[in-house]
Amino acid sequence: MRYARDMTGMRVSPAAVKQRASDWGAPMTARDALAGVSAANDLGTALDSLAPQDDLYGDLRREFTMLYKKMAAEKDSGKGVKISLKGTLKPGQVDGAVPKLRRRLGVHYDSSYGGEMFYDDRLAAAVMTFQRKRGLEGGGVVGQQTVVLLNRGESDRIEQIAANMERLRWMDRVKPERYILVNIPSQLLWTVENGRAENQMNVIVGRKDRPTKSFRADIQGIRFNPTWTVPAGIKAKDFLPHLQEDPTYLDQKGMELYDTSGGSVRNIDPASVDWATVSVSDLGNYRMVQAAGDNNALGQIRVLMSNPYDIYLHDTSTPALFNQPERLLSSGCVRVSQPEVLAKFVLANNENWSEEKMTKILSSHKTVEIPADEHIPVFIVYQTIWPDRQGNLVYGSDIYGNDNVLIKALKDKGELKLPSLDRLPDNIDKSGKLASAR
């Protein structure tokens, strides 16, 4: 009963990890657990079915076992050495951190490549391999982000795996045939059909001070050529300070201002408002709307998805930002680099829908809303480990510090207890199930 509970929901307080219980699955009740195993022909199969059935969970389970067995060896290998670096280290430079960097990456010193402190090409190649496996695009330049990941030992990675497995258990054990997955740390989106990722695209997610929430929602449709009504938080944090400096700020953005006080809605001139005296609470009386067009902040496509966070997927008027390696740039919403591909996926099962109709609507510059005949689930998740295109695990950065929060919450409740080495299974099959369990 405890195993069933732990495998099917949160083992910590949702508030402790900044989550809402309603966004994720509820733990299985004792009654349901007993009924399920009692009706099963095989207990092992019944228990295995409680775990997430996707490939990533099985990969993480195998990785956990392998790293845990390596942990004892790491203490004697010298690879646990900590690296300290001021600024950045580029190939061709000389620095006292170079010998430790070689030791950490298992690169033997060869005097024919230069002095012991010289950052040579052989070491740079090892650094680039390390960066690629960690989802970094450093090109061999060692910065603070690379140093943080280099200093993570096997025990740190084991805890990272545990946090990622925990989050996977909050989600649907068996995913629907068609869904959309957004991973915040990797800043990537996938459309998934019949268990296969059909499209992968870069996304822009929330800044560290305005993080994107993780949750599950259903997509109801697509709004083409949308207008944009500025949310309350952005009005207060961004627009009010600008308007207090320059009352023409809304005009520069091509936006209309409406006064909604007194129960009526009136279009007014922004210059007629004494913005210096307007408080944050007063902003509730003003509606700021940007018309559809090339400069609209939402671009040409907005995905309609009801949720309490006012977060949605949308196009953007600044597509060049998708080329940046780190894309923590929004106020919480998710900007997508291939909005037309996403719209095509959402509306694929609509009767009489076609790319030609979409092109015609977009070129009209008129706001048109197309409901989806099939509501598509979207999972916005926080997984700091994810598979690359070849299926290899990428250890990414904990960009919002959520791993640390979850690991602490698990430890505080006594829910992160590592087994002794002699109790680990000898092997785990490709599905992630125990091939020989003790």
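The values are calculated or read from the model by the stated rules, or taken from the named source; none is laboratory data. What you see is a predicted model; the values in this text were computed from it and never measured. Please note: Cβ atoms are built from the backbone with ideal geometry, for glycine as well, and neighbour counts cover all protein chains shown. Surface areas here come from the heavy atoms of the whole protein model, side chains and all, with no ligands, DNA or RNA. Shrake-Rupley method; radii C 1.70, N 1.55, O 1.52, S 1.80 Å.
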Checklist entry - How many residues are among the charged types (D, E, K, R) and either outside any helix (DSSP H, G or I) or modelled with pLDDT under 90 (or both) if we restrict to the range 98-133? => result 7
Next on the checklist: Any residue in the range 35-62 that is among the polar types (S, T, N, Q) sitting within a Cβ distance under 6 Å of a residue that is assigned to a loop (DSSP other than H, G, I, E, B)? List the pairs, counting only those 6 or more apart or interchain.
Outcome noted: Gln53/Arg173; Gln53/Val174
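Each row is one residue, and each column tells you yes or no for (1) at pLDDT below 70; (2) open to solvent by 40 Å² or more (accessible area, probe 1.4 Å); (3) over 30 Å from Thr146 (Cβ atoms).
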site	(1), (2), (3)
Val394	no, no, no
Ile399	no, no, no
Ile407	no, no, no
Gly414	no, no, yes
Pro419	yes, yes, yes
Leu424	yes, no, yes
Ile428	yes, no, yes
Lys433	yes, yes, yes
Next on the checklist: Against the conditions (1) surrounded by 20 or more Cβ atoms within 10 Å (Cβ to Cβ); (2) within 23 Å of Gln19 (Cα to Cα), where does Val346 fall short? Just the number, please.
Outcome noted: (2)
Checklist entry - Looking only at the range 16-42, which residues are in contact with a helix residue (DSSP H, G or I) (Cβ under 6 Å, 6 or more places away or on another chain) and of a type in the set (A, V, I, L, M, F, W, C)? => result Ala16, Val17, Ala21, Met28, Ala33, Val37, Ala40
Next on the checklist: Step by step: first the residues of the range 193-227, then only those that are on the phi > 0 side of the Ramachandran plot and at pLDDT below 95, then the one that is most open to solvent (accessible area, probe 1.4 Å). Which residue is that?
Outcome noted: Asn194
Item to check | Subset of the range 349-378 (residues that are charged (D, E, K, R) and either more than 30 Å from Asp23 (Cα to Cα) or more than 26 Å from the chain's Cα centre (by Cα) (or both)) | outcome: Glu351, Glu355, Glu356, Lys357, Lys360, Lys366, Glu369, Asp373
Checklist entry - Do the conditions hold for Ser111, that is, is it of a type in the set (S, T, N, Q) and touching a residue at least 24 places away in the same chain (Cβ under 8 Å)? => result no
Checklist entry - Which members of the range 244-302 meet the condition of being in contact (Cβ under 8 Å) with a residue 60 or more places away in the chain and aliphatic (A, V, I, L, M)? => result Val289, Ala291, Ala292, Ala297, Leu298, Ile301
Checklist entry - Pairs under 6 Å by beta carbon, first residue closer than 14 Å to Asn323 by Cβ in the range 186-205, partner surrounded by 15 or more Cβ atoms within 10 Å (Cβ to Cβ) and of a type in the set (Ser, Thr, Tyr), six or more apart or different chains? => result Met201/Ser337; Asn202/Ser337; Ile204/Ser330
Next on the checklist: Against the condition at pLDDT 95 or above and over 30 Å from Ala291 (Cα atoms), how does Asp403 come out, does it pass?
Outcome noted: yes
